[in-house]
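Below is one structure, written out as structure tokens, with a few remarks after it.
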Amino acid sequence: MNPQVLVVEDEGIIAADIQDRLTSLGYEVPATVASAEEALQKIPIYSPDLVLMDIVLQGEMDGIDAAAEIRKRFDLPVIFLTAHADESTLTRAKITEPFAYILKPFEERELQTALEMALHKHKVEQERAKARANEQEVFEKTVEATIKVLSKILSIAEPQSYEFGQKLKDYAKTCATALKIPDSWELEVAATLCRIGYVSVPAILIQKMRAGMALTPAEKDTLQRVPEHGRNLLASFPRFESVARIVYYQNKKFDGTGFPQDSVASQNIPLDSRILRVLSDLLQFESEGASKSRAFEQMKKTSGVYDPKVLEDIGVAFAQGPRKGRAIHLKDLCVGQVLVEPIETVDGTLILNAGNTISPWMLKKLGNFTEVSPIREPIYVES
């Protein structure tokens with residue numbers, strides 16, 4: 001099929017002349033329209049390959065505004081026709097990135113050259129866009145496959161570290177949304193695999209650590225270097241260099257002390273690492289029975305460990321997060337319902353974390369708590 005050109009020209013005689021010239025050059029003209037508004041309506045109907053448009057048009061929208069909309073909504077090449085080539089008009093028109101300008105009156109050869117170049121350039125742009133999309137798809141599939149493999153390894157070798165990573169990933173998602181972090185996939189992947197380094201640590205040593213047994217200096221050094229083992233493993237996978245760096249600095253204190261023992265400190269520590277430091281310690285406090293509010297209070301009292309701005313922003317993100325799910329009273333809580341927010345006593349003691357599915361023993365436990373301390377209501381469960 002011959003390329004189709006939609007002509008936008010409000011002077012009928014000129015529009016007819018342009019149509020004749022295009023036809024003689026082998027192009028099809030499905031329609032000529034007199035206004036920008038009509039052009040925007042006709043494009044979905046005729047699906048032209050290119051728009052040839054006068055800059056000065058009658059109506060509320062001129063050719064320059066219309067061209068911007070056409071490029072944005074339909075990704076079509078636009079060639080401007082104009083008898084008004086003053087500098088201010090052309091400067092304004094350049095913002096829309098037209099493919100060419102043709103000054104009236106024009107010769108057929110000039111028109112044909114502009115059309116051929118515009119169609120060729122647009123084809124090249126589409127091919128590049130398609131290539132970028134394919135590259136992005138391959139990248140996403142590679143990342144997804146890598147995460148699945150490493151997560152599977154971690155779940156088998158160190159189930160507790162795997163579960164910790166899953167919880168940390170959920171918190172990272174909350175922070176990424178609240179703090180409007182661009183390209184948050186690196187933060188989420190680093191959270192998921194933050195403890196992947198434990199796969200290189202002897203199981204007996206991990207057991208000793210969790211049991212609170214005395215450790216030798218060599219054993220302490222091995223555990224301290226877990227982020228380094230994780231970094232070395234992650235860095236061996238394509239596109240995971242940044243994730244590896246985040247994992248490497250996840251335990252680094254804001255004042256520069258701690259592991260790794262280098263000169264990196266404060267703002268030079270990767271932002272995602274500073275976020276993970278806060279979120280990891282938040283999870284640790286919660287596992288020990290503290291509420292989020294109490295955990296943040298404790299962290300704010302600690303000097304030099306956390307980035308104050310990050311700590312404050314994350315605290316606000318969790319404190320002001322929208323209530324989700326359905327609010328019910330404790331007496332209406334049933335087996336099988338899923339908590340979307342933690343259950344706490346009125347004095348802030350954590351009883352059950354969000355994500356738990358209510359079981360018979362949990363209901364009994366909650367009943368026992370009410371005899372000692374009132375439970376904060378309402379309780380939020382999945383709708």
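Couple of notes before you dig in:
- Of the residues Val346, Val338, the single one that is modelled with pLDDT under 85 and more than 27 Å from Gln250 (Cα to Cα) is Val346.
- Within segment 103-127, residues that are farther than 15 Å from Val5 by Cβ and without any contact (Cβ under 8 Å) to a residue 40 or more places away in the chain sit with their Cβ atoms under 6 Å from residues that are aliphatic (A, V, I, L, M) and not in a helix (DSSP H, G or I), at 6+ positions apart or across chains, in these pairs: Leu103/Ala85.
- The single residue among Ala85, Ala93 that is assigned to a loop (DSSP other than H, G, I, E, B) and at pLDDT below 80 turns out to be Ala85.
- For the criterion of being more than 30 Å from Val310 (Cβ to Cβ), surrounded by 11 or more Cβ atoms within 10 Å (Cβ to Cβ), modelled with pLDDT under 90 and touching a His at 6+ places or on another chain (Cβ under 9 Å), Phe99 passes.
- Only one entry in Ala295, Ala319, Ala290 is modelled with pLDDT of 90 or more and either outside the structural domain of Arg195 (by TED's automatic domain parsing) or not acidic (Asp, Glu) (or both), namely Ala295.
- Tabulated pairs, segment 327-350, first in the same structural domain as Met362 (by TED's automatic domain parsing), second of a type in the set (Ser, Thr, Tyr) and crowded, with 17+ Cβ neighbours inside 10 Å, C-beta under 6 angstrom, 6+ apart or interchain: Ala327/Tyr380; Val340/Tyr380; Glu341/Tyr380; Glu344/Ser291; Gly348/Ser291; Leu350/Ser291
- Filtered residues of segment 192-210 (kept if over 11 Å from Gln160 (Cβ atoms), within 31 Å of the chain's Cα centre (by Cα) and assigned to a loop (DSSP other than H, G, I, E, B)): Leu193, Cys194
- Per-region count, segment 263-291, residues out of contact with any Leu (no Cβ under 8 Å at 6 or more places or on another chain) and either of a type in the set (Ser, Thr, Tyr) or part of a helix (DSSP H, G or I) (or both): 13
- Here Arg210 passes the criteria (1) buried (at least 18 other Cβ atoms within 10 Å of the Cβ); (2) among the basic types (Lys, Arg); (3) closer than 20 Å to Ser287 by Cβ except the one numbered (1).
The values are calculated or read from the model by the stated rules, or taken from the named source; none is laboratory data. All values derive from a computational prediction rather than experimental measurement. In this analysis, Cβ positions are derived from the backbone assuming ideal geometry, glycine residues included, and neighbour counts consider all displayed protein chains.
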